[in-house]
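The values are calculated or read from the model by the stated rules, or taken from the named source; none is laboratory data. Note that the structure is a prediction, hence the values are computed from the model and not measured. Neighbour counts are summed over all protein chains in view; Cβ atoms, including those assigned to glycine, are modelled from backbone coordinates with ideal geometry. Note: areas computed on protein heavy atoms with side chains; ligands, DNA, RNA excluded. Shrake-Rupley method; radii C 1.70, N 1.55, O 1.52, S 1.80 Å.
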Protein chains: 2
Amino acid sequence: MSVHVFKLSRVSSCLSCHRLQESLLSSASGYRNYRGVLNWCVVMLVLSNARLFLENLLKYGILVDPIQVVSLFIKDPYNMPAACLVIMSNVFIVAALYTERRLSVGCFSECVGLLVHSINLSVTLCFPVAIVLMVKSMTPVGGASALGVYTVLFLKLYSYKDVNKRDEPYLYYFVFAPTLCYELNFPRSPRIRMSFLLRRLFEMVSSWMIPIIQSSMKPLEVNIIPLSSLSHQVPNHLLWLIFFYWFFHSSLNFIAELLQFGDREFYRDWWNSETITYFWQNWNIPVHKWCLRHFYKPLLKSGVSKWLGQSAVFLASAFFHEYLVSVPLKMLRPWAFMGMMAQLPLAWFVARFLRGNYGNAAVWISLIIGQPIAVLMYVHDYYVLHYREGSAGGGPE
Amino acid sequence: MSVHVFKLSRVSSCLSCHRLQESLLSSASGYRNYRGVLNWCVVMLVLSNARLFLENLLKYGILVDPIQVVSLFIKDPYNMPAACLVIMSNVFIVAALYTERRLSVGCFSECVGLLVHSINLSVTLCFPVAIVLMVKSMTPVGGASALGVYTVLFLKLYSYKDVNKRDEPYLYYFVFAPTLCYELNFPRSPRIRMSFLLRRLFEMVSSWMIPIIQSSMKPLEVNIIPLSSLSHQVPNHLLWLIFFYWFFHSSLNFIAELLQFGDREFYRDWWNSETITYFWQNWNIPVHKWCLRHFYKPLLKSGVSKWLGQSAVFLASAFFHEYLVSVPLKMLRPWAFMGMMAQLPLAWFVARFLRGNYGNAAVWISLIIGQPIAVLMYVHDYYVLHYREGSAGGGPE
């Protein structure tokens, strides 16, 4: 029989149109090219927003109020504390540059240099906190933006101080370059591609449009019922995704193109991450690089174990998350900090029990569910603190 | 200066942590691994359905009525015309097999064989139409299923007749095998993987659950307002995607695993298609293979031009789309046919003007918008035909 089959197979081989193979979606096929699925997500996002936009335009006309958007950042156009804070940051840059210049010509000893740098860095971190907490006219969004700028500056200056050892000190290109790790000569792209620049600019503007359109659609109402927290998850998660694209792809690439900064690795393929650790190592490459270079590796060199080093990085990251959220809202709550620290046992669990696509799904679920819960905690507390007081006393503002 | 920079670069090369590179999401990077995005879509689909399911369960208890699902297929459990039709199809299989046996032993001449085959094939196509149109108790879903079975059988028998030239004729494995192209010996997989089988079965069942849950959520209401057609698009498109996965991945793989059928290429990477043509060539491989082997290539051999051959394939495909929709609904409308034929100018337009991700987005938009419009046309006509008559006269059923 088998000989017979073999003979037949030779006869019909010219007609054969099947061969042994797996379906592409089976994990055994090893196929992973789903660029089209990403396009599908973008098309769905644009279409569903276009529909909302069209429907509302037909019903109510244009509802987007540019003043309202601006008022998130400033209360009074003649009193812009956040903008002043950002302009003030130049003082710290000049101080760091001045210290390095002094060191390079030998006016400062190593010890004095280190002391001046340390004071400069501490003040960089503490000064905006004091201002944000004291100035009444500071809005949460404005405060968070200013604190974000100062945090970035702190990380940059720390890197600058760490790396710049008696070389020719220069700084201002580094301040604007989309990286946190100082180098004496960054790789540069050969020229500014205008079409690339314009496309990123278009993306930056249209990314802003989506949340504005959506928020103008429904009145912002906060129901503090456990189940309704579920319905907040999807938009919150989508906002985070849009923020990611807006900041890490469009904005940083825009700045990099403008400055001809060559290294565009602002993120790696975190969307494929099968462990929590992989996600944290790949979604924010500037910070990851900084942590690795100026925090984790020095810790390892000083004899700390790998596991302790990782935990320390998480702790530092948790501190900065808390710093960027609690101070602008003017309420100290442990939610961001706890959220970050909860990543440690979660990372252990996922790495231990889940593999491949299941691990990836677990990472997504932790992002989709975890983040909004932390956000909701703050919204809840902020609401209770301000509006309940408001209804009893003289109003929050 | 450049020499100076070069010297510095050598000094700091050990500290260098940047290199010239593009961001992954830039098309210039050539990166296309987005498996994680697919997982994201699945997680979002499951989570949003879980929410709906949970909310409704808390509000109303279990609403899913198995009887209602079954009643889509049959009206009266003692009178199942669709099931009878499917069972009847064995007659045509036996007739084809009998003809080949006769031919192989020389009882039939080539001419008689061709005649008998042709009659058999024509009856395979026409007989169920007559039954579906005549039998009153045939439901649209039942009729469509039966017609689908007969269409598949027609394509299979045509392939059988075309390929089987005096070899040992066998048929029944081919009838159940998930392919439309006959071969004397199909590639076989070495063994039945139980875990694979069970996973596909689980997927098959849970894919059924999603539309059932969703349809039990909101009462099915049909508003014939032009704008509201937009709001039908997303669920319709999602249903199509779920159908694709359910049929082409889960079901066909399940059957193939059961029959140890080795060739699992039921679809290719149509989600990345950048032209309409690529989509039609890759989303339904069994039909595409059949068309290529038994329709397009013979046409080319007989001297027809490439362009005319392609149009003929589209025409045949449009005919079968119409056949599978108009007959079970018992109303002859040109929407499916026109929808298919509209693909030709659309394909030309996309191939001519759009490239890369823009082409891919255009394919997605044509799927998301085009399909539901055709479906809506039928729903509209069906509604007008049956329920308007119903309110005026004696009711449709």
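Some points to look at:
- Measuring only protein heavy atoms, the 1.4 Å probe finds B:Lys330 accessible over about 80 Å².
- Position A:Arg102, label points 7 Å along Cα→Cβ, spacing to each other copy in nm (shortest first, one decimal): 10.8
- Relative contact order [Cα under 8 Å, 6+ residues apart], the range A:267-391, whole percent: 31 percent
- Local net charge near A:Arg200, Cβ-Cβ under 15 Å (Lys/Arg +1, Asp/Glu -1): 0
- Cα-based Kirkwood hydrodynamic radius, the range B:82-176, one decimal, Å: 13.9 Å
- Placing a label point 7 Å from the Cα of B:Ser48 along the Cα-to-Cβ direction, the residues of the range A:352-370 whose backbone N falls under 16 Å from that point are A:365, A:368-369.
- Ordering A:Leu58, A:Leu258, A:Leu153 by accessible surface, largest first, gives A:Leu58, A:Leu258, A:Leu153; the 1.4 Å probe counts only protein heavy atoms, with every chain in place.
- In this structure, the residue pairs whose Cα-Cα separation is over 25 Å, taken from B:Lys156/B:Lys297; B:Lys161/B:Lys289; B:Lys161/B:Lys301; B:Lys161/B:Lys330; A:Lys161/A:Lys301; B:Lys161/B:Lys297, are B:Lys161/B:Lys330.
- The simple Förster model, with R0 at 41 Å and r as the Cβ-Cβ distance, assigns B:Leu241 and B:Met88 a FRET efficiency of 0.80.
- Point-to-point label distance, B:Val135-B:Trp307, nm (Cα→Cβ direction, 7 Å offset): 4.6 nm
- Charge dipole of the range A:282-397 (Cα centre as origin; +1 on each Lys and Arg Cβ, -1 on each Asp and Glu Cβ, all else neutral): 680 debye, rounded to the nearest 20.
- Each label point was placed 7 Å from the Cα along the Cα-to-Cβ direction; for A:Tyr31 and A:Ser104 their separation is 5.6 nm.
- Nm distances between copies for B:Ile369, ranked from closest, using label points 7 Å along Cα→Cβ: 3.8
- Largest to smallest accessible area among B:Arg355, B:Arg188, A:Arg264 [probe 1.4 Å]: B:Arg355, B:Arg188, A:Arg264
- The range A:267-391: C-alpha pair distances exceeding 26 Å, %: 30 percent
- Taking A:Ile192, B:Ile93 and ordering them by how much accessible surface each has at a 1.4 Å probe, largest first, produces A:Ile192, B:Ile93.
- A Förster distance of 25 Å, applied to the separation of the beta-carbon atoms of B:Leu20 and A:Tyr173, puts the FRET efficiency at 0.95.
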